[in-house]
Amino acid sequence: QVQLVESGGDLVQPGGSLRLSCAASASISVLKTMGWYRQAPGKDRELVAQIYSGHSTTYADSVKGRFTISRDNAKNTIYLQMNSLNVEDTAVYYCRTTTWRSLTYWGQGTQVTVSS
(Lines give C-alpha, C1' and ligand atoms only; values in the text may rest on other atoms or scores of the structure.)
Protein backbone atom coordinates (compact mmCIF):
# COMPACT_ATOMS: atom_id res chain seq x y z
CA GLN A 1 0.00 0.00 0.00
CA VAL A 2 1.20 3.51 -0.80
CA GLN A 3 0.27 6.45 1.39
CA LEU A 4 0.26 9.92 -0.11
CA VAL A 5 0.32 13.15 1.87
CA GLU A 6 -0.29 16.46 0.13
CA SER A 7 0.70 19.86 1.43
CA GLY A 8 1.03 23.43 0.24
CA GLY A 9 -2.58 24.43 -0.34
CA ASP A 10 -3.44 27.96 0.69
CA LEU A 11 -5.43 31.09 -0.07
CA VAL A 12 -3.76 33.12 -2.81
CA GLN A 13 -4.71 36.16 -4.85
CA PRO A 14 -5.35 35.95 -8.60
CA GLY A 15 -2.07 36.02 -10.47
CA GLY A 16 -0.22 34.46 -7.57
CA SER A 17 1.73 31.23 -7.27
CA LEU A 18 1.73 28.15 -5.07
CA ARG A 19 3.72 24.95 -4.94
CA LEU A 20 2.00 21.76 -3.86
CA SER A 21 3.92 18.76 -2.57
CA CYS A 22 2.94 15.10 -2.39
CA ALA A 23 5.09 12.83 -0.26
CA ALA A 24 4.79 9.08 -0.85
CA SER A 25 5.42 6.31 1.68
CA ALA A 26 7.08 4.19 -1.01
CA SER A 27 9.82 4.74 -3.52
CA ILE A 28 8.24 6.71 -6.35
CA SER A 29 10.91 5.51 -8.74
CA VAL A 30 9.05 2.18 -8.99
CA LEU A 31 5.59 3.65 -9.43
CA LYS A 32 4.03 3.76 -12.89
CA THR A 33 2.47 7.21 -12.71
CA MET A 34 2.02 10.02 -10.23
CA GLY A 35 -0.30 12.89 -10.78
CA TRP A 36 -2.39 15.74 -9.52
CA TYR A 37 -6.15 15.91 -9.83
CA ARG A 38 -8.54 18.57 -8.61
CA GLN A 39 -12.18 18.83 -7.72
CA ALA A 40 -14.06 22.08 -7.53
CA PRO A 41 -17.43 22.34 -5.73
CA GLY A 42 -20.18 20.79 -7.83
CA LYS A 43 -17.76 19.50 -10.44
CA ASP A 44 -16.17 16.16 -11.25
CA ARG A 45 -12.62 15.40 -10.28
CA GLU A 46 -10.31 16.16 -13.20
CA LEU A 47 -6.73 15.45 -14.15
CA VAL A 48 -4.44 18.43 -13.79
CA ALA A 49 -1.01 16.96 -14.51
CA GLN A 50 0.66 13.60 -14.55
CA ILE A 51 4.23 12.39 -14.62
CA TYR A 52 5.29 8.95 -15.73
CA SER A 53 8.10 6.70 -14.56
CA GLY A 54 10.11 7.81 -17.59
CA HIS A 55 9.58 11.45 -16.59
CA SER A 56 7.26 12.32 -19.49
CA THR A 57 4.38 14.56 -18.49
CA THR A 58 0.78 15.31 -19.38
CA TYR A 59 -1.18 18.47 -18.60
CA ALA A 60 -4.79 19.54 -18.81
CA ASP A 61 -5.24 22.20 -21.49
CA SER A 62 -6.46 24.65 -18.87
CA VAL A 63 -3.14 24.63 -17.01
CA LYS A 64 -0.61 24.25 -19.82
CA GLY A 65 2.03 26.93 -19.61
CA ARG A 66 1.07 27.83 -16.04
CA PHE A 67 1.57 24.63 -14.03
CA THR A 68 4.61 22.37 -13.87
CA ILE A 69 4.75 18.89 -12.39
CA SER A 70 8.06 17.52 -11.23
CA ARG A 71 9.44 14.71 -9.12
CA ASP A 72 12.28 14.18 -6.69
CA ASN A 73 12.93 10.45 -6.45
CA ALA A 74 15.38 10.91 -3.60
CA LYS A 75 12.64 12.49 -1.48
CA ASN A 76 9.81 10.29 -2.82
CA THR A 77 7.95 13.49 -3.53
CA ILE A 78 6.25 15.11 -6.47
CA TYR A 79 5.47 18.78 -6.83
CA LEU A 80 3.03 20.96 -8.68
CA GLN A 81 4.26 24.48 -9.29
CA MET A 82 1.25 26.65 -10.05
CA ASN A 83 1.75 30.12 -11.52
CA SER A 84 -0.67 32.76 -12.78
CA LEU A 85 -3.45 31.31 -10.68
CA ASN A 86 -7.01 32.37 -11.37
CA VAL A 87 -10.30 31.85 -9.57
CA GLU A 88 -11.11 28.86 -11.79
CA ASP A 89 -8.16 27.03 -10.23
CA THR A 90 -9.93 27.00 -6.86
CA ALA A 91 -10.41 23.37 -5.86
CA VAL A 92 -9.25 20.57 -3.63
CA TYR A 93 -6.10 19.16 -5.18
CA TYR A 94 -5.44 15.45 -4.83
CA CYS A 95 -2.32 13.43 -5.42
CA ARG A 96 -2.73 10.05 -7.09
CA THR A 97 -0.44 7.21 -7.97
CA THR A 98 -0.81 4.04 -9.96
CA THR A 99 1.43 1.03 -9.68
CA TRP A 100 2.62 -1.38 -12.32
CA ARG A 101 0.12 -3.84 -10.84
CA SER A 102 -2.72 -1.39 -11.66
CA LEU A 103 -3.38 -0.39 -8.06
CA THR A 104 -4.42 3.21 -7.47
CA TYR A 105 -3.91 5.29 -4.34
CA TRP A 106 -5.11 8.77 -3.45
CA GLY A 107 -4.04 11.37 -0.95
CA GLN A 108 -6.45 13.20 1.31
CA GLY A 109 -6.35 16.44 -0.68
CA THR A 110 -5.24 19.99 -0.06
CA GLN A 111 -7.39 23.08 -0.56
CA VAL A 112 -6.32 25.77 -3.01
CA THR A 113 -8.41 28.93 -2.98
CA VAL A 114 -7.78 31.75 -5.41
CA SER A 115 -9.57 34.89 -4.37
CA SER A 116 -9.00 38.60 -4.00
Answer yes or no: is there a residue in the stretch 62-80 that is basic (Lys, Arg) and either within 11 Å of Val112 (Cβ to Cβ) or open to solvent by 60 Å² or more (accessible area, probe 1.4 Å) (or both). yes
Scanning the stretch 97-116 for residues that are of a type in the set (Ser, Thr, Tyr) and within 18 Å of the chain's Cα centre (by Cα), the one surrounded by the fewest Cβ atoms within 10 Å (Cβ to Cβ) turns out to be Thr104
Quick one: which of Arg66, Arg71, Arg96, Arg38 is in contact with a Gly (Cβ under 7 Å, 6 or more places away or on another chain) and in contact (Cβ under 8 Å) with a residue 12 or more places away in the chain? Arg96
In this structure, does Asp10 turn out to be at pLDDT 95 or above, open to solvent by 60 Å² or more (accessible area, probe 1.4 Å) and in contact with a strand residue (DSSP E or B) (Cβ under 8 Å, 6 or more places away or on another chain)? yes
Please go through the stretch 14-35 and give me each residue that is without any contact (Cβ under 8 Å) to a residue 60 or more places away in the chain and exposed (fewer than 15 other Cβ atoms within 10 Å of the Cβ), ordered by number. Ser25, Ser27, Ser29
Within the stretch 81-96, residues buried (at least 18 other Cβ atoms within 10 Å of the Cβ), over 14 Å from Ser25 (Cα atoms) and among the charged types (D, E, K, R) come out as Asp89
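The values are calculated or read from the model by the stated rules, or taken from the named source; none is laboratory data. A quick note: this is a predicted structure, and the numbers were derived from the prediction, not measured. Cβ atoms come from the backbone with ideal geometry, glycine included; neighbour counts cover every protein chain shown. All accessible areas refer to the heavy atoms of the entire protein, side chains included, with ligands and DNA or RNA removed. Shrake-Rupley method; radii C 1.70, N 1.55, O 1.52, S 1.80 Å.
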